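J.: Pasting a structure below so you can have a look.
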Amino acid sequence: AQSVTQLDSQVPVFEEAPVELRCNYSSSVSVYLFWYVQYPNQGLQLLLKYLSGSTLVKGINGFEAEFNKSQTSFHLRKPSVHISDTAEYFCAVTLSGINFGNEKLTFGTGTRLTIIP
Amino acid sequence: NAGVTQTPKFQVLKTGQSMTLQCAQDMNHNSMYWYRQDPGMGLRLIYYSASEGTTDKGEVPNGYNVSRLNKREFSLRLESAAPSQTSVYFCASSEALRMWYTFGSGTRLTVV
């Protein structure tokens with residue numbers, strides 16, 4: 001079975017500084033990877049996804065992530081953060097090439113990003 | 001475009017009471033899911049439904065039942081609530097052969 005590890009539970013960053021949120025996955029087969037964002041008191045929104053092709057994936061709000069198969073990582077980055085980026089970020093994984101109807105995502109425990117003015 | 005709608009948004013139950021959390025989507029998605037979110041544990045899958053008429057257990061199904069009433073609606077029932085079921089519950093749906101979910105805004109449940 002697949003699993004996801006987000007080692008950093010909280011990341012404080014000064015406004016306009018760069019940020020990297022780390023995600024590592026474990027799977028014996030190929031995977032699809034996702035980042036979701038949860039703003040306070042809201043549901044989760046899809047930030048970006050890796051299904052195939054280019055390993056550098058761009059998402060909404062200036063975020064990007066790089067799929068690294070050899071290191072089994074999918075770290076999220078933004079070159080300059082804003083106050084509005086304060087949220088919790090979840091990495092998620094599912095197996096690629098699975099049967100229709102079994103698209104279950106496994107989520108990490110989340111990283112709370114706090115932007116310091 | 002409403003997406004995924006969950007009701008109620010907040011609920012307080014006494015131990016032993018029952019209730020049903022409602023979820024409806026208007027995107028014609030085949031698959032629907034119920035997750036619970038607890039601090040430090042991320043989201044854990046309770047039940048899912050790959051299509052109308054089918055349901056399967058997820059990682060933490062004990063104490064819950066589900067009903068896929070039709071393609072739009074997927075409800076989660078707590079027959080006898082326990083304090084350990086205090087959590088935020090999220091419903092989600094996905095389109096066939098697309099792996100990403102659309103989430104509802106959640107139900108914050110407290111069991112006292």
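J.: So in the protein assembly as shown, what percent of DSSP beta bridges are antiparallel if you round to the nearest 5?
T.: Working: 68 of 77 bridges.
Taking every DSSP beta bridge within the protein assembly as shown, about 90 percent pair in antiparallel fashion.
J.: Further question: Please list log₁₀ I(q)/I(0) at q = 0.16 Å⁻¹ for chain A, using the Debye equation with identical point scatterers on the alpha-carbon positions.
T.: Reported log10 I(q)/I(0), two decimals: -0.70.
J.: Remind me, relative contact order of chain B in percent, using alpha carbon pairs under 8 angstrom and six or more residues apart?
T.: Result for chain B is 36 percent.
J.: Okay, next question. With the crude spin-label approximation of a point 7 Å out along Cα→Cβ, what separation in nm comes out for A:Leu7 versus B:Asn70?
T.: For the pair A:Leu7/B:Asn70, the computed spacing is 5.0 nm.
J.: Further, regarding this structure: Considering the dipole of the protein assembly as shown built from charges on the beta carbon (Lys and Arg +1, Asp and Glu -1) around the Cα centre, which of B:Gly3, B:Gly16, A:Trp35 is farthest to its positive end?
T.: Value computed over the given set: B:Gly16.
J.: With the dipole of the protein assembly as shown worked out from charges on the C-beta (+1 for Lys and Arg, -1 for Asp and Glu) around the Cα centre, which of A:Phe14, B:Ala92, A:Leu56 lies farthest toward the positive end?
T.: So the residue we want is B:Ala92.
J.: Among bridges DSSP assigns within chain B, what percent are antiparallel (round to 5)?
T.: Percentage antiparallel, nearest 5: 90.
J.: Taking 10 °C and 1.306 mPa s as the conditions, I'd like the Stokes-Einstein D for chain B in µm²/s, using the Kirkwood hydrodynamic radius from alpha carbon pairs.
T.: 115 µm²/s
J.: Here's something else I'd like to know. Report the antiparallel proportion of the DSSP beta bridges in chain A as a percent, rounded to a multiple of 5.
T.: Details: 34 of 39 bridges.
Of all bridge pairs located within chain A, approximately 85 percent are antiparallel.
J.: Still on this structure, I have one more. Please get the size of the charge dipole for segment B:62-106, origin at its Cα centre, with Cβ charges of +1 on Lys and Arg and -1 on Asp and Glu, quoted in debye to the nearest 20.
T.: 140 debye
J.: Just how far, in whole angstrom, is segment B:1-73 from segment A:44-117 if you go by their alpha carbon centroids?
T.: Each part's Cα centre sits 23 Å from the other's.
J.: Let me know the charge dipole size of segment A:1-81 about its Cα centre in debye, to the nearest 20, where only the beta-carbon of Lys, Arg (+1) and Asp, Glu (-1) is charged.
T.: Charge dipole, segment A:1-81, about its Cα centre: 260 debye, nearest 20.
J.: Sticking with this one: Roughly how big is chain B's charge dipole about its Cα centre, with Cβ charges of +1 (Lys, Arg) and -1 (Asp, Glu), in debye to the nearest 20?
T.: Working: 11 positive and 8 negative charges, 38 e Å.
For chain B, the charge dipole is close to 180 debye.
J.: Quick one: Cα convex hull volume of the protein assembly as shown, Å³ per residue?
T.: Measuring per residue, one finds 122 Å³ for the Cα hull of the protein assembly as shown.
Every number here is computed from the coordinates shown, using simple stated rules; none is lab data. On a predicted model such as this, the values are computed, not experimentally measured, just so you know. When we count neighbours, we look across all protein chains shown, and the Cβ atoms used for this are built from the backbone with ideal geometry, even at glycine.
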